[in-house]
1. Round to the nearest 10 and give me the degree value, 0 to 90, for the angle of helix 172-187's Cα axis relative to the longest principal axis of the chain.
2. How much length, in nm to one decimal, is gained on full extension between VAL200 and GLU12, taken as 0.36 nm per residue of separation minus their Cα-Cα distance?
3. Subtract the Cα-Cα distance of ALA117 and ALA80 from 0.36 nm times their separation in residues, and report this length gain in nm to one decimal.
4. Can you pull the one-decimal nm distance between simple spin-label points at ARG28 and GLU179, each 7 Å off the Cα toward Cβ?
5. About its Cα centre, what dipole magnitude does the range 85-200 give when the only charges are +1 on Lys and Arg Cβ and -1 on Asp and Glu Cβ, stated in debye to the nearest 20?
6. Normalized C-alpha radius of gyration of the range 1-43, against 2.2 N^0.38 Å?
7. Work out the FRET efficiency for ALA63 and ARG155 from their Cβ-Cβ distance, taking R0 = 30 Å, and round it to the nearest 0.05.
8. Mind checking which of LEU195, ILE104, GLY138 is farthest towards the positive end of the chain's charge dipole, using Cβ charges of +1 (Lys, Arg) and -1 (Asp, Glu) about the Cα centre?
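Read-outs: derived from the displayed coordinates by stated rules, not from any lab. Worth saying up front: this structure is predicted, and the values here are computed from it rather than measured. All Cβ positions, glycine included, derive from the backbone under ideal geometry; neighbour counts span all protein chains shown.
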Amino acid sequence: GVLSRTKPVSPELIYATHERGFALCSLRSEALSRYYIQVPLTDSVDYWSDEEFFEELRRRLPADVSAALITGPSIEKSIAPLRSFVVEPMRFGNLFLAGDAAHILPPTGARGLNTAASDIHYLYHALVDHYSKCDNRGLDSYSQRALARVWKGQRFSWWMTMLLHRFPDSSPFDRRLQETELAYLFSSEEALASLAENYVGQPF
């Protein structure tokens, strides 16, 4: 991924899947852009100059988006591995885990910060009840409630990852399934509604 002091190519996030791999255009502000491309796990940031990165990004974007892309020197460059883990339970005695200490999600689904925030939501209210009312029900149910939401986030993040990335060990059968899933997504209002619900996040 590259962070650059350039005007974002779009006010909305752009997810792209291409035969060469996944790409994402996102923004941090009106003058700060964040871009990602899928690269082999064996690559390092030293393999990619800014010019090579943006050239590859343009290849993977629709022509109109590529033409509108403003490039500039990177101020940050990193590789985000596709990895995940979940600690179960999220409570050990008086130790309560939350956020990255309890779970890591693939970045494709953009659920990492959201699930961390939901952990804190549950834990905050549980601690308030414990100290103000001597009520431990929230603490006792914290792990179960938090994990139910975490696993939903994991499911969605991996669904997005498998939908949009290309993997070297994928078979022609796997690719056809991927294409069919994308075609279904764009032909069904119900599928799009489900995507929106999972992407935004379900209410507490």
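1. Result, in degrees: 80.
2. Working: separation 188, 0.36 × 188 = 67.68 nm, distance 1.36 nm.
Using 0.36 nm per residue and subtracting the Cα-Cα distance, I get 66.3 nm.
3. Values: separation 37, 0.36 × 37 = 13.32 nm, distance 2.07 nm.
Working it through step by step, the gained length comes to 11.2 nm.
4. Between ARG28 and GLU179, the label points sit 3.8 nm apart.
5. On the way: 11 positive and 13 negative charges, 36 e Å.
It works out to roughly 180 debye.
6. Details: Rg = 11.2 Å, N = 43, 2.2 N^0.38 = 9.2 Å.
Relative to the 2.2 N^0.38 Å estimate, the range 1-43 comes out at 1.21.
7. Working: r = 34 Å, r/R0 = 1.12.
Result of the calculation: an efficiency of 0.35.
8. GLY138
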